[in-house]
1. Taking G39 and the conditions (1) within 15 Å of the chain's Cα centre (by Cα); (2) closer than 30 Å to L151 by Cα; (3) not charged (D, E, K, R), which numbered condition does it fall short on, given that it satisfies the others?
2. Considering each of L54, L78, L96, L91 in turn, give the residue that is surrounded by 13 or more Cβ atoms within 10 Å (Cβ to Cβ) and more than 20 Å from G130 (Cβ to Cβ).
3. How many of the residues in the stretch 131-148 are farther than 16 Å from N24 by Cβ and in contact (Cβ under 8 Å) with a residue 40 or more places away in the chain?
4. Could you list all residues from the stretch 50-96 that are touching a Lys or Arg at 6+ places or on another chain (Cβ under 9 Å) and touching a residue at least 24 places away in the same chain (Cβ under 8 Å)?
5. In this structure, is T7 farther than 17 Å from M144 by Cβ and of a type in the set (S, T, Y)?
6. Could you count how many residues in the stretch 42-61 are over 13 Å from the mean Cα position of the chain (by Cα), of a type outside the set (S, T, N, Q) and assigned to a helix (DSSP H, G or I)?
7. Would you confirm whether any residue within the stretch 94-101 is within 16 Å of L32 (Cα to Cα), among the charged types (D, E, K, R) and out of contact with any strand residue (DSSP E or B) (no Cβ under 9 Å at 6 or more places or on another chain)?
8. Can you give me the number of residues within the stretch 1-35 that are polar (S, T, N, Q) and not in a helix (DSSP H, G or I)?
Amino acid sequence: MSLLLATLIPGILLLLVGVPLLLNHSGFAALLKAFPRSGTATVVFFGAGSAWFLYNIWHLSSADFGDYRKPLFVAFALVAIAAFKCVPDFLAVRGLCALVLVAAAPLLGAAYMEYDRPQRLFMVSLVYLGIALAIWLGAQPWRMRDFIGWLFARSGRARSVGAVLTVYGLLLAGVAFTY
């Protein structure tokens, strides 16, 4: 992945979340409030996160337990399937966290050893913040429900968070074209 694309993708994602919050879009607010326990979001996010993780397991090298690729693949596939039945609560949040964690590797890989481009740190800092947040929310997914409740408890909060996300998304989108 190129550094341009690795910076542009998080910028676009921030804009996709930030602009509707900034504009106080009621449909987006309802979608966001329903997200943590949404069945559709569970299938999309946890399914995509599981598929990407299983893809990474299938392509392990010998140095990374690649000799045990098939048993690992089967074991993790069974865990992913069992998660839909055994722990359905907040599985959409856990799936989003899994996607953030597996997406971090190609994004950080694109910025690796690019010391002559210090503007890459805008993207790298965001990715590391996302990793920390994904680990925390993966362990305590109900915190996202609590955050969303706090976000919409007062009308100005969602707009303020949306403004911050929009500005940083625009910054990343602009920085992407400086490489």
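1. (1)
2. From the options L54, L78, L96, L91, the qualifying one is L54.
3. Within the stretch 131-148, residues that are farther than 16 Å from N24 by Cβ and in contact (Cβ under 8 Å) with a residue 40 or more places away in the chain number 6.
4. A83, P88, D89, F90, L91, A92, V93
5. On the way: farther than 17 Å from M144 by Cβ: yes; of a type in the set (S, T, Y): yes.
So T7 passes the test.
6. So the count comes out to 8.
7. Just the residues of the stretch 94-101 that are within 16 Å of L32 (Cα to Cα), to begin with: 94-97.
From the residues that got through so far, the ones that are among the charged types (D, E, K, R) too are 94.
With the extra rule that they be out of contact with any strand residue (DSSP E or B) (no Cβ under 9 Å at 6 or more places or on another chain), the set shrinks to 94.
Yes: one or more hits.
8. Going residue by residue through the stretch 1-35, those that are polar (S, T, N, Q) are 2, 7, 24, 26.
With the extra rule that they be not in a helix (DSSP H, G or I), the set shrinks to 2, 24.
So the answer is 2.
The values are calculated or read from the model by the stated rules, or taken from the named source; none is laboratory data. These figures come from a predicted structure and were not determined experimentally. With ideal geometry, Cβ positions are generated from the backbone for all residues, glycine too; neighbour counts draw on all protein chains shown.
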